[in-house]
Structures are given as C-alpha cells and as structure tokens.
1. What is the order of VAL185, VAL50, fewest Cβ neighbours within 10 Å to most?
2. In a shell of Cβ-Cβ distance under 14 Å around GLY137, excluding GLY137 itself, what net charge do Lys and Arg (+1) and Asp and Glu (-1) give?
3. At SER73 and LYS196, where each label point lies 7 Å from the Cα along Cα→Cβ, what is the point-to-point distance in nanometres?
4. Which FRET efficiency value, to the nearest 0.05, is calculated for PHE47 and THR152 with the Förster distance at 35 angstrom and r the Cβ-Cβ distance?
5. Please identify which residues in region 101-129 have an amide N closer than 15 Å to a label point set 7 Å out from the Cα of ALA159, following the Cα→Cβ vector.
6. For LEU54 paired with LYS115, estimate the spin-label separation in nm (one decimal), with each label point 7 Å from Cα along the Cα-to-Cβ line.
7. Just to confirm a number: summing +1 for Lys and Arg and -1 for Asp and Glu over residues other than ILE174 whose beta-carbon lies under 15 angstrom from that of ILE174, what do you get?
8. Given the pairs LYS115/LYS151; LYS51/LYS136; LYS136/LYS187; LYS115/LYS162, which are separated by over 31 angstrom at their Cα positions?
Amino acid sequence: MTKHFGVKKLADINITKGHNIQISGEPSDHVASFEPLNQVAIHPYQFKGVKPKLLVKEGDTVKCGQPIFTSKSNEDITFPSIGGGTISKIEYGERRRIETILIDLSKDENKETFKSYSMEDIDALSAESALNAMKKGSLFITRPTLFDYVKTREQLINASEKYFDVLKSGHVKIDVQQKFTLEEVGKAHAAMSNRKTVGTTVLVP
C-alpha cells in the first residue's frame, strides 16, 4: 500500500457574519481500519514556488525526518522524509521535473534525532543557534524576522543604537498605552493574553 503526500486544494467556505457555519449533516462514528503501510511517496513538484534539489538517490537508506531534498533558491530550506526506509524509486516528468520520491518503509523505521533544549538552555540560546536548530529540523520562516537582522551581538547593538537615535530625533513617536512595573509583569502578561491592552505596552524598571 502506498500513501501519497502532497498539497491538496480544499473547498473555500466564506463566512459573512458571526461564527455559525451552516454545514449540514454530522460526522460518522465509523472507524476505518487499514493495513500497515509498506510504502510512502512525496511529490516535490506540488510545493509551489520551490525548485527541488535532491539530496538522495535511489537505493539510499533514509530516516524519518531526514532531509531528502532542498530548495535550489535557498538551500537552508530542506524537506524531510516522511518515512524511514529505502528510496526505491525517483520518478521524473517533463524537463526532468521531480514528480515522485517513493520510499519503501523498513520494519523498524528509524527516525532522525534532534537536540533538545531545556527551559534554562532556551534562555541562554542565541538567535543564531535557535535558527540553526530550526533549520536542522526542516523548520523555516518564509518572511524575514528580527533574527535575520540581529543574529550577532554586534548587529544587535548597532541596530539598537540606530533605533534609539531615531526616537531621540523625534521623527518617530511611540504612543504608549499601558505601563507596568517589573513587579507587575504577571499582571501585564494576563492583560495582554486576555486582549485587555491596546497599542504599545511598556515594562518600567
């Protein structure tokens, strides 16, 4: 049995007011049974905007979670295997487009391991280390974030100085709506979580 994974277009449901979605019927209580899978497949061409570059070849043994192809435009973006076993076949379409990667699953189906972090580790983790850990786990951010500009301490200090220079000049003004002391940090968190704040919230030392 082969299970194919790809991007499937779902039906559009437009909500014009309220949250009462008019869907008739009710879910069935039938529980379907199936034979264990012995093969899975992934279709790289279905990932829109990605030109895949293979990291494996037929006959290779892969672990579940191991990167098997990357994006030619950004090789930091990797796509993992959805099963552990052997690459049995790589199917190509027109102009050598990678259509399908077939993986014969092994009985033990080994899984890729990743470094874990405790809460204490996370507090001391640099932005660069966090991003590297995400990339290893095939997690990536599609838009630039603050981490993309302040990966190092030097970049952070430089960006901070420029930011505060703009504030001091008066060209940009921040409208502070709420102020909390450090002792009230729990109160501040509760207010923000419960959507009781508007605009900028500042913790005052």
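FYI, it's all coordinate maths here, none of it is from the lab. Only a predicted model underlies this, so the values are computations on that prediction, with no experimental measurement involved. Because the Cβ atoms are built from the backbone with ideal geometry, glycine has one as well, and the counts that use them run over all protein chains shown.
1. On the way: VAL185 11, VAL50 17.
Ranking VAL185, VAL50 by Cβ neighbours within 10 Å, fewest first, gives VAL185, VAL50.
2. On the way: positive: LYS63, LYS111, LYS115, LYS135, LYS136; negative: ASP76, GLU112.
Residues close to GLY137 contribute a combined charge of +3.
3. The answer from the label model is 4.5 nm.
4. Numbers: r = 31 Å, r/R0 = 0.90.
It comes to 0.65.
5. Label zone hits: 126-129.
6. Going by the 7 Å Cα→Cβ label model, 3.2 nm.
7. On the way: positive: LYS168, LYS173, LYS179; negative: ASP165, ASP175.
Local charge sum for ILE174: +1.
8. Working: LYS115/LYS151 20 Å; LYS51/LYS136 19 Å; LYS136/LYS187 37 Å; LYS115/LYS162 36 Å.
Beyond 31 Å between Cα atoms: LYS136/LYS187; LYS115/LYS162.
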